[in-house]
Amino acid sequence: VKSAFRMNGARFGIEGCETLKKEVENYVFNIRVSEMLLDRPMFITAGSGTKLQLKENKSKVPETKYEELRKVLLKAVSKIDIDAYNKGKQDIFFNSVKDSYALLKPIAEFAKSYTLYLTGNSHIDLSWLWRWHETVEVARATFSTIMENMEEYPDIVYAQSQAQAYRWMEKFYPEVFRRIQQSVKKGRWEIVGGMWVEPDCNLIGGESWVRQILYGKRYFKEKFGVDVELGWNPDSFGYNWNMPQFFSKSGINTFITQKISWNDTNVFPYYLFWWRAPDDSRILVYFPPGGYVGRLRGLRMVQVLKRFEAVTGRNKVLILYGLGDHGGGPNREMLNRLEEYKNMMVYPEIVHCKAVDFINILKKEGLDDIPEWNDELYLEYHRGTYTTQAETKKNNRLCEISLSNAEKLSSISALFNNIYPQKEYNKSVSYTHLTLPTN
């Protein structure tokens, strides 16, 4: 019988050296953050690693300021007594580190001119490699864990889309649902998306699009008193050109996604832009440069912050973090790591916030200078998706036609004094006829 055990990594420690080891690690981290903050990146990358050379770095920081602080960094690093470190003279080494930190103060002040805004989330595929009842349990476990973590970490904010996931909690786990309602009232839980599920954005028809938003926004308004204005679909296989029209006419003025960063050939050039539909409707679009399942890695966050600055000229960025696809969200490992970054000498400001609050900050700063996109958002990485899943595409279309025909016939029937089966249609939408299996 083969063992299922697998070692993913191992660390060795030397007794009596942990203080020295931690001191060195923290110092190196501060220096690397300093280097990143004083860099002016001239490219962005796609998921494949393909790079796009920028015509200019739009940072508003003068080059003279960067040069001045680079000299400060070089002087600070030169204070480190490497010889004392090699000879084990810890007191002398620690004193040299202290002297180096003192010289880093101007860079520490510069770091605080940047801000990392953080929104926790957990993308949950309602139907993928598992049966639907497992999705219900994933949602329950994720939501329960999130609310437990909210008690332990009083600053975190969590965003969740898809009315169907909430509807399952309402039916099967009413206590979890009640706690979510309380978290929404407290401002700790943000409802985003405004749709019944996160749909495939190319496959469904226009009427299905409208129904997604109609049923989703109505549910969130009735159950939480929230009129959702922030579109949210980070994991579709592309985004059709009519979406700004569907969104803007439904009261959704901003859209967050990230999937186009997965392109395998062309690097999408923007992180923040206006998206204009063929009917001339437009919405604001934000692409989180760190994706949607960030792990709150300290250097990685500074890297995406600097790339966002290079492309947009802004010194603040929204980072989405948390385990996703099969649930999870922000966990203690990430959040504990974040506390360490807050205590570092050289690190940007860290602010937990709702995604919509970050968008409102951008709007207050002015958006007249951002570019406009007049086309679909085509995802190269998933070429052929609809061809290989032709049966799914066919069945979806048949369902759309059948529902439309049923409603038309029901409307005609109502003209002859028959009852329009509104409850039955609503029941089919929310899957209220399904039950969880019993153990």
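The values are calculated or read from the model by the stated rules, or taken from the named source; none is laboratory data. Source: prediction; values computed, not measured. Counting neighbours? That spans all protein chains shown, and the Cβs are built from the backbone with ideal geometry, glycine included. Accessible surface areas use protein heavy atoms only, side chains included; no ligands, DNA or RNA. Shrake-Rupley method; radii C 1.70, N 1.55, O 1.52, S 1.80 Å.
Being open to solvent by 30 Å² or more (accessible area, probe 1.4 Å), under 25 Å from Glu349 (Cβ atoms) and assigned to a loop (DSSP other than H, G, I, E, B) is the filter here, so list the residues in region 62-109 that pass it.
Pro62
Show the residue pairs meeting these rules: Cβ distance below 6 Å; 6+ apart or different chains; first residue within region 316-329 and of a type in the set (Val, Ile, Thr); second residue open to solvent by 20 Å² or more (accessible area, probe 1.4 Å) and modelled with pLDDT under 95.
Between residues of region 316-329 that are of a type in the set (Val, Ile, Thr) and residues that are open to solvent by 20 Å² or more (accessible area, probe 1.4 Å) and modelled with pLDDT under 95, the close pairs are Ile319/Gly290.
Go through region 251-267 and report how many residues are open to solvent by 50 Å² or more (accessible area, probe 1.4 Å), in a loop (DSSP other than H, G, I, E, B) and over 24 Å from Asn360 (Cα atoms).
Total meeting the criteria: 3.
Could you list, in sequence order, all residues of region 33-54 that are open to solvent by 90 Å² or more (accessible area, probe 1.4 Å) and modelled with pLDDT of 95 or more?
Start the filter on region 33-54 by keeping residues that are open to solvent by 90 Å² or more (accessible area, probe 1.4 Å), which leaves 35, 51, 53.
Answer for region 33-54, where residues must be open to solvent by 90 Å² or more (accessible area, probe 1.4 Å) and modelled with pLDDT of 95 or more: Glu35, Gln53.
Within region 216-245, restricting attention to residues that are of a type in the set (Phe, Trp, Tyr) and at pLDDT 95 or above, which residue is surrounded by the most Cβ atoms within 10 Å (Cβ to Cβ)?
Residue satisfying both the conditions and the ranking: Trp232.
Can Lys393 be described as open to solvent by 80 Å² or more (accessible area, probe 1.4 Å), assigned to a helix (DSSP H, G or I) and without any contact (Cβ under 8 Å) to a residue 24 or more places away in the chain?
Taking the combined requirement at face value, the residue does not satisfy it.
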